[in-house]
Amino acid sequence: MTEIFEDILRDISGIVKINSAEGEPEEGAPFGIGAKQALEYYLNLAKKFGFETRNFDGYAGEVVWGEGEEFAILAHLDVVPAGGGWTHAPFGGEIDYENRRVWGRGTMDDKGPAVITLYALKSLKDGGFLPDKKIKLILGCNEESGWKCIDYYKSHAHMPEEGISPDADFPVIYAEKGILQLRLEFEAAGDFEICGGERPNMVCDLCRVKKEGVLREFRGKSAHGSTPEKGVNAILPALKFLGLDFIERMLFGDGFGLNALADETGRLTFSPNIICREGDKIYVTADVRYPATMDRESVLSRIEKAGIPYSVPHEQLPLFNDKNGKLITTLCQVYNEVTGKNCKPIAIGGGTYARALKNGAAFGPEEAGEENTIHQANEYITFEKVDRCFKIYKLAIERLTK
């Protein structure tokens, strides 16, 4: 292995060891001390490489190189909570030479790709490459739980119009579904308590029910909220146990009639990921990803028709790019050139920082056919993935900034 490859592994491991899931805000740490430490780790590394850096009060950071028209690379350093079911320490940053992978929360989403991208810039710089554009590598600290980092950055700096986000899938994402996080309200009767889920965009892997003085735990398997079929939702068996047939049907039996909504970017997904009882009400937060060519009213009108009270604590509009535009075609060509494949642009249900740009595209690191551990226990990045992403990101930056 080359020296730069070993350095990339070391720094992925180092930043993964920092638990940057959102915590209690502190002075200079609006999303908790872990997110602050992760941002400082990254910016210090970039300074060591000779890049100009700036810390936007712990909300976000940037690494700047070059002059001219601006080009953005947007990544995030916060992570979702570890959750349960790990056999490797979630914040151990274990470099496993036998199995050729690095283990830990954030290795794929999104600390690993963020570190790889920084090293791609370093390699270009050290090799004498001079970009014709001002590259802004922007690091957010609140991507998983609200995007306040991006809002803060936009109010304190200029956001480029074009760029990429290494936080989704290859070969390149031309469209992202719209996102609605709905807080639904149901009537509750009977003497019981129910509580489950950690984040709106994580499939619930643990739901607790207390009834007649007895506490029961229902286990599932976490997954990203945009791909609920890859997880096992622990809320469902808890509802069955309590005999809450109506709520079960509405949440898991397409009681809202949303399954029929689909277009070229895929079908709508509906994932109820948080549940709790407060007094005589049960509140459920569901993560909804709706087709990119549709609007939010397509979803909300069906919720209203069902007569279920709701609020919308968070939403993101869809992203839909021209498949034949320069950005998408260049990125797709780069991926196919490095890998020897012949892939076409795709659409996803995930929401990336690409939406923060007028002309933005998510670009890797996931690939079709490989195990997906994002937002799941035992998240990891393989050595092969690190090497391939380094080559892809380096070439893409070179092509798009010259």
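Quick notes on this one:
- Apart from one condition, E98 fits all of (1) crowded, with 17+ Cβ neighbours inside 10 Å; (2) within 24 Å of F390 (Cβ to Cβ); (3) not β-branched (V, I, T); the exception is (1).
- Qualifying residue in region 300-312 (condition: in contact (Cβ under 8 Å) with a residue 60 or more places away in the chain and under 22 Å from Y174 (Cα atoms)): no
- Within region 145-175, considering residues that are acidic (D, E) and in contact with a strand residue (DSSP E or B) (Cβ under 7 Å, 6 or more places away or on another chain), the one nearest to P291 (Cα to Cα): D169
- Members of region 143-195 that are in a loop (DSSP other than H, G, I, E, B), touching a helix residue (DSSP H, G or I) at 6+ places or on another chain (Cβ under 7 Å) and aromatic (F, W, Y): F170
- Enumeration of residues in region 32-56 that are among the basic types (K, R) and either free of Cβ contacts under 8 Å to residues at least 24 places away in the same chain or at positive phi (or both): K47, K48
- Complete set of residues in region 359-373 that are crowded, with 24+ Cβ neighbours inside 10 Å and either more than 12 Å from the chain's Cα centre (by Cα) or assigned to a loop (DSSP other than H, G, I, E, B) (or both): G360, A361, F363, G364
- Unmet requirement for S145, which otherwise passes all of (1) assigned by TED's automatic domain parsing to the domain that holds G34; (2) touching a Leu at 6+ places or on another chain (Cβ under 8 Å): (2)
- Residues that are farther than 25 Å from G146 by Cβ and either in the same structural domain as A396 (by TED's automatic domain parsing) or surrounded by fewer than 22 Cβ atoms within 10 Å (Cβ to Cβ) (or both) occur in region 103-116; there is at least one.
- Some residue of region 36-44 being modelled with pLDDT under 95 and touching an Asp or Glu at 6+ places or on another chain (Cβ under 9 Å): no
- A count restricted to region 117-164 and to residues that are surrounded by 24 or more Cβ atoms within 10 Å (Cβ to Cβ) and of a type in the set (G, A, S) stands at 3.
- Count of residues meeting criterion [at pLDDT 95 or above and either part of a helix (DSSP H, G or I) or surrounded by 14 or more Cβ atoms within 10 Å (Cβ to Cβ) (or both)] in region 300-324: 10
- All told, A260 meets the bar of being over 23 Å from the mean Cα position of the chain (by Cα), surrounded by fewer than 16 Cβ atoms within 10 Å (Cβ to Cβ) and without any contact (Cβ under 8 Å) to a residue 60 or more places away in the chain.
- Listing of strands (runs of 3 or more DSSP E) fully contained in region 12-101 that carry 2 or more residues being of a type in the set (S, T, Y) and in the same structural domain as D205 (by TED's automatic domain parsing): none
- Residue list for region 337-358, filter: over 13 Å from I173 (Cβ atoms) and surrounded by fewer than 16 Cβ atoms within 10 Å (Cβ to Cβ): E337, T339, G340, K341, N342, K358
- Flag if S222 is in contact with a Cys (Cβ under 9 Å, 6 or more places away or on another chain), buried (at least 19 other Cβ atoms within 10 Å of the Cβ), in the same structural domain as P309 (by TED's automatic domain parsing) and modelled with pLDDT under 95: yes
The values are calculated or read from the model by the stated rules, or taken from the named source; none is laboratory data. Please read all numbers here as calculations on a predicted model, not as lab measurements. Ideal geometry is used to build each Cβ from the backbone, glycine not excepted, and the neighbour counts take in all protein chains shown.
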